[in-house]
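Below is one structure, written out as structure tokens; comments come after it.
Since every read-out is calculated from the coordinates, none of them should be taken as a lab result. Only a predicted model underlies this, so the values are computations on that prediction, with no experimental measurement involved. In this analysis, Cβ positions are derived from the backbone assuming ideal geometry, glycine residues included, and neighbour counts consider all displayed protein chains.
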Amino acid sequence: MMPLSMAVIGEKKRVIKVGGKDEVRRFLQNLGFVEGAEITVVSELSGNMIINVKDTRIAIDKSMANRIMV
């Protein structure tokens, strides 16, 4: 298990756990980062990441990516 921020670009991962405060977890879950979801890192630039979740591309910053364990 590792934070999403350490994932390799192009590699498919599965969400194991979403951490943080209740409001942050709820926000990420509403974006599609739920346990068991398959995600792919599309690109990373200056700590910001573009993630493919359920056929949708979502941009998150490194602090949010650190809360998502894959």
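Observations, loosely collected:
- Karplus-based coupling profile of region 39-52, in residue order and whole Hz: 10, 9, 7, 7, 7, 9, 9, 6, x, 7, 10, 10, 10, 9, with θ = phi - 60° in 6.51 cos²θ - 1.76 cosθ + 1.60 and x standing for Gly or Pro.
- Cα-based helix-to-principal-axis angle, 22-31 vs the chain, degrees rounded to 10: 50 degrees
- Fewest-first sequence of Ile58, Ile39, Ile51, Ile16 by Cβ atoms within 10 Å of each Cβ: Ile16, Ile58, Ile39, Ile51
- Counting other Cβ atoms within 10 Å as a rough exposure proxy, the listed residues Val8, Val18 run Val8, Val18 from fewest neighbours to most.
- Compactness of the chain - radius of gyration and Dmax, Cα, Å: 10.5, 29
- Remark: relative contact order (region 1-65) = 30 percent; criterion is Cα-Cα distance under 8 angstrom and separation of 6 or more residues.
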